Amino acid sequence: MSEQAKQRIVSGMRPSGKLHLGHLHGVLDNWKRLQDTYECFFLVADWHALTTSYETPQEIPANMDEMILDWLAVGIDPGRATLFVQSEVKEHTELHLMLSMITPVSWLERNPTYKEQQLYLKEKDLTTFGFLGYPVLQAADILLYKGQKVPVGVDQLPHIELTREITRRFNYLYRDVFPVPDALLAEVPKLPGLDGRKMSKSYGNSIFLSDPPKVVREKVSTMITDVKRPRMSDPGDPENRCIAFKLHQLYLPTEQLELIVSECRTAKRGCAACKKELAEAIILQLEPIQRRRKALAADSGKVRAILADGAARARKVARSTMAQVWSALWNQNAR
Ligand code: TRP
C-alpha cells in the first residue's frame, strides 16, 4: 500500500508515569501492530493530564519521561509512527477552542465519564471548565490529524461518540473538512493485577515494565491463586478459579500450561512453585524491554530529538488542517 493510501490512526495516553503489564497487553501491543498498516499519530496527552492534576502539575514532566521511555522500549517506532507531546503542538489548543464554540454544554454534561470521574476522584475538585471540556480537547487531537480510526478501550467510547457528533456538526455548519472517525476496539486479554482486580496503578496491584527481576519475583509471589485451594493437597481448578493462571496463559507456552493444569488438578504441584515459574517467564519477556529502556534512559538527547522530530511532523499536518478550518469558517476557497 502506498503511503497516501494508508488510513490515519490517532491515539493518545495521559502521562501517568511508569507503565505496567496491563498497558503493554491492553494498548501498546495493539499500537505496535497498527504501525505496520496505518499512518499513526501517538500523542502524550499532557493537557488532558492537567485537567485532573492542575494542583500538582509539577509531577507531569517526570511522568511523561517515564511513559515515553516505556513506549519506545516496547517498540513504538518513531521511524514508522509520529510520537509527540500534545502541548508542543499549539494547534491543539487552537482547535480545542474553535470546537468549543460549536459544542453544546448539554452534550458534555451528559457524558458518562464526566460524572464517573468526579465521583471516582473525589479528593479533586473537577467542577472546572477545563475538565468539562476534556472530550472537546480529545476531539481536537483526533481531528487535527483527520484521524479515521481511533484505537481506544471501551471506557473511551463515549468520548469517541462525542468526537463523531462534534465532527458532524462542524462539517454541517461549515464545510466537509473532517472524516468522521471510528473507534477501533482491540480484543484485549483481561489482565488481573496482583489482587485479582484489574491491573491499575491506583490500586497498587501492578507489575511495571521497569520492575527489576527481584521486584517481579516478590510481587508475583504475593499473587492470589485459587482461594478454594488452601493446602497443596487440595486439587485445584486453574482455568476457572486461579487468578495467577490468567497470567500463566499469557506468558507460558502451551505444553507448559497443559502440564500445570494437570498437575494442579491432581494436587501434584503447589502454588508457590507455580508462581515462581510465572515470575521467571515475565522476567524473560521484560528483559529486552528493560535493556532498551536503560539504553534510552542514558541517552536523553536521543529521546528529546525523537520528540522534537515528532512534534515537527505533527505540526506540519496540524497547520495544514487549521488553514482548512479557518477557510471553512470564513467561507473562503480551501487551500
Ligand atoms: N482520553 C484518553 C485516555 O484517557 C487519552 C487521549 C487523549 C486520547 N487524546 C486522545 C485517546 C486522542 C485517543 C485519541 O485514555
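The values are calculated or read from the model by the stated rules, or taken from the named source; none is laboratory data. Keep in mind it's a predicted model, so treat the numbers as computed, not measured. We place every Cβ from the backbone using ideal geometry, glycine too, and count neighbours over all the protein chains shown. In case anyone asks, the SASA skips ligands and DNA or RNA and just uses the protein heavy atoms, side chains included. Shrake-Rupley method; radii C 1.70, N 1.55, O 1.52, S 1.80 Å.
Counting helices only, and only those DSSP H runs with n ≥ 4, report the 222 nm mean residue ellipticity of the chain as the sum of -39,500 (n - 2.57) divided by its residues, in deg cm²/dmol to the nearest 500. Write down the numbers at each step before the final one.
Numbers: 15 runs with 180 residues, N = 335.
It lands at -16500 deg cm²/dmol.
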**Q.** Debye log10 I(q)/I(0) at q = 0.10, 0.13 Å⁻¹ for the chain, Cα point scatterers
**A.** -0.67, -1.03
Q: Pull up all non-local amide H partners of Asp182: gap of 5 or more, or a different chain, and H-to-H distance under 5 Å with H placed in the peptide plane.
A: Lys149, Val150
Q.
Could you compute how much accessible surface Asp125 exposes when probed at 1.4 Å, giving the result in Å² to the nearest 10?
A. 80
Q) Got a sec to turn the phi values of segment 169-179 into Karplus ³J(HN,Hα) couplings, 6.51 cos²θ - 1.76 cosθ + 1.60 with θ = phi - 60°, whole Hz, x for Gly and Pro? A) 5, 4, 4, 6, 6, 10, 7, 6, 8, 10, x
Q.
Using Cα springs under 10 Å in a Gaussian network model of the chain, which residue among Val227, Val89, Val27 shows the largest mean-square fluctuation?
A. Val227
Q: Over all directions, average the projected area of the Cα convex hull of segment 211-293 and note it in nm².
A: 5.1
Q: Report the accessible area of Val105, computed with a 1.4 Å probe over the heavy atoms of all protein chains in place, in Å² rounded to the nearest 10.
A: 80
Q) Taking a 1.4 Å probe, which of Asp176, Asp182 shows the most accessible area, and what order do the others take after it? A) Asp176, Asp182
Q.
List residues of segment 92-111, by number, whose backbone nitrogen lies under 16 Å from a label position 7 Å along Cα→C-beta of Tyr174.
A. 92-104
Q: Multiply the residue separation of Trp326 and Asp77 by 0.36 nm, subtract the distance between their alpha-carbon atoms, and state the gained length in nm to one decimal.
A: 86.4 nm
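Net charge near Leu257: determine it from the other residues with C-beta under 13 Å of the C-beta of Leu257, scoring Lys and Arg +1 and Asp and Glu -1. Write down the numbers at each step before the final one.
Values: positive: Lys246, Arg265, Arg269; negative: Glu239, Glu255, Glu258, Glu263, Glu277.
That sum, taken over residues with Cβ under 13 Å, equals -2.
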Q.
Kirkwood Rh and Cα-based Rg: tell me the resulting Rg over Rh for segment 168-210, rounded to two decimals.
A. 1.38
Q: May I ask you to work out the translational diffusion coefficient for segment 171-318 at 20 °C, viscosity 1.002 mPa s, via Stokes-Einstein with Rh from the Kirkwood sum over Cα pairs, reported in whole µm²/s?
A: 115
Q | Accessible area (Å², 1.4 Å probe, nearest 10) - Tyr203 | A | 90
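Once the Cβ-Cβ distance between Gln118 and Asp195 is put in as r, and R0 is 22 Å, what FRET efficiency do you end up with, to the nearest 0.05? Mind dumping the intermediate values first?
Values: r = 25 Å, r/R0 = 1.15.
The value I calculate is 0.30.
Please list the equivalent ellipsoid semi-axes of segment 28-163, computed as the square roots of five times the alpha-carbon gyration tensor eigenvalues, in descending order and whole angstrom.
Values: eigenvalues 126, 67, 42 Å².
Semi-axes (√(5λ), whole Å): 25, 18, 14.
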(Q) Once you place label points 7 Å from the Cα toward the Cβ at Met232 and Val188, how far apart are they in nm? (A) 3.7
Q: Return the sequence-ordered ³J(HN,Hα) values of segment 9-25 in whole Hz as given by the Karplus equation 6.51 cos²θ - 1.76 cosθ + 1.60 applied to θ = phi - 60°, using x for Gly and Pro.
A: 10, 10, 8, x, 9, 6, x, 9, x, 4, 8, 10, 4, x, 5, 4, 7
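Evaluate E = 1/(1 + (r/R0)^6) for Lys276 and Glu55, where r is the Cβ-Cβ distance and R0 equals 30 Å; express this FRET efficiency to the nearest 0.05. Working shown, then result.
On the way: r = 43 Å, r/R0 = 1.42.
Efficiency at R0 = 30 Å is approximately 0.10.
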Q) What trypsin sites (Lys or Arg not before Pro) does segment 135-215 have in DSSP loop regions with at most 13 other beta carbons within 10 Å? A) Lys190, Arg197
Q: Collect residues whose amide H, placed 1.01 Å from N in the peptide plane, falls under 5 Å from the amide H of Arg14; neighbours closer than 5 in sequence don't count.
A: Ala45
Q.
Given a 1.4 angstrom probe, what's the average accessible area per residue across the chain, in square angstrom?
A. 50
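Taking 37 °C and 0.692 mPa s as the conditions, I'd like the Stokes-Einstein D for segment 245-335 in µm²/s, using the Kirkwood hydrodynamic radius from alpha carbon pairs. The partial results should precede the final answer.
On the way: Rh = 18.2 Å.
Once the numbers are plugged in, D ends up at 180 µm²/s.
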